[in-house]
1. Report, by residue number, each residue of the stretch 39-53 that is out of contact with any Pro (no Cβ under 7 Å at 6 or more places or on another chain) and under 25 Å from GLU4 (Cβ atoms).
2. Determine whether the stretch 165-182 contains at least one residue that is open to solvent by 30 Å² or more (accessible area, probe 1.4 Å) and more than 26 Å from PHE60 (Cα to Cα).
3. Given the conditions (1) closer than 30 Å to THR163 by Cβ; (2) crowded, with 19+ Cβ neighbours inside 10 Å; (3) free of Cβ contacts under 8 Å to residues at least 40 places away in the same chain, and given that LEU83 satisfies all but one, which numbered condition is not satisfied?
4. Cβ-Cβ under 7 Å, sequence separation 6+ or interchain: first residue in the stretch 147-174 and within 23 Å of ASP102 (Cα to Cα), partner surrounded by 16 or more Cβ atoms within 10 Å (Cβ to Cβ) and of a type in the set (Asp, Glu). Which pairs?
5. Being crowded, with 16+ Cβ neighbours inside 10 Å and among the polar types (S, T, N, Q) is the filter here, so list the residues in the stretch 57-80 that pass it.
6. Look at the stretch 88-105 and say how many of its residues are surrounded by 14 or more Cβ atoms within 10 Å (Cβ to Cβ) and either in contact (Cβ under 8 Å) with a residue 60 or more places away in the chain or within 19 Å of THR123 (Cα to Cα) (or both).
Amino acid sequence: MSEERKIPRHVAIILDGNGRWAKLRHLPRSMGHREGCKTVEQTVYDAGSLGIEYLTVYGFSTENWKRSEEEVAALMKLLERYLLEALDTMVQDRVKMCFFGDLSRLSPRLQELTNQIKELSKTFEGVQVNVCLNYGGRDEIVQAARAYAARCAAGEARPEDLTEEGFSGLLYSAGIPDPDLIIRTAGEQRLSNFLLWQCAYSEFYYTDVLWPDFTPQDMDRAIADFNHRTRRFGGVV
């Protein structure tokens, strides 16, 4: 009898390769991002079907503001469209959606949409999709450190009482288990400032597939590879 396949509880994905996908087809980069959004939708559906409880996707990093004004504007427009579509389908799909990152830099319209989605999500119990927007792992840690320092300055906490668990509760991901598996597409093998605190014991899977071409079969391959890992968490098995 074959051993039962383990499904990671939390999968995080660095969505890389949208621009290269478009360039290979002599299309504008915005078309690559548009196709990438379609792949996110399919992957959310697949995650729910597989029994994955949490799916975190790297949508827009704190460093992405360095891109051209034209590309950033196109990304923001695409994000608004994606969020509007999410509002239309969330009731049917029962997908919960949360956001990691400093949303204050987004437009008032985008902030309004993210707030609507967060409120609506409270009524659902399906797969939880965490979308990282204006997110950076170092920035997240700095914000958490400032928050605890402010508590100490107010006399509400003491530096020596801070624990790893307590610090985790100050992050955007508070209350969510750390990712079991982190997938990066397009052949790159670096974290790019993604979930730096949370990835301490994550397994990593890299694929040359460009994100718009990522299929359910690619997710299956990533999970199959995950099943061949022995997770020791610093101990000995």
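The values are calculated or read from the model by the stated rules, or taken from the named source; none is laboratory data. None of the values given here were measured: they were computed from a predicted structure. Counting neighbours? That spans all protein chains shown, and the Cβs are built from the backbone with ideal geometry, glycine included. All accessible areas refer to the heavy atoms of the entire protein, side chains included, with ligands and DNA or RNA removed. Shrake-Rupley method; radii C 1.70, N 1.55, O 1.52, S 1.80 Å.
1. Those that are out of contact with any Pro (no Cβ under 7 Å at 6 or more places or on another chain) and under 25 Å from GLU4 (Cβ atoms): THR43, VAL44, TYR45, ALA47, GLY48, SER49, LEU50, GLY51, GLU53.
2. Checking the stretch 165-182: at least one residue is open to solvent by 30 Å² or more (accessible area, probe 1.4 Å) and more than 26 Å from PHE60 (Cα to Cα).
3. It fails just one condition, (1).
4. Here the result reads LEU171/GLU140; TYR172/GLU140, each pair linking the stretch 147-174 to a residue that is surrounded by 16 or more Cβ atoms within 10 Å (Cβ to Cβ) and of a type in the set (Asp, Glu).
5. Within the stretch 57-80, SER61, THR62, ASN64 qualify.
6. Total meeting the criteria: 10.
Condition check ((1) within 16 Å of TYR82 (Cβ to Cβ); (2) among the charged types (D, E, K, R); (3) open to solvent by 70 Å² or more (accessible area, probe 1.4 Å)) across all residues:
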position: ILE13; (1), (2), (3): yes, no, no
position: GLY17; (1), (2), (3): no, no, no
position: LYS23; (1), (2), (3): no, yes, yes
position: GLU35; (1), (2), (3): yes, yes, no
position: VAL40; (1), (2), (3): yes, no, no
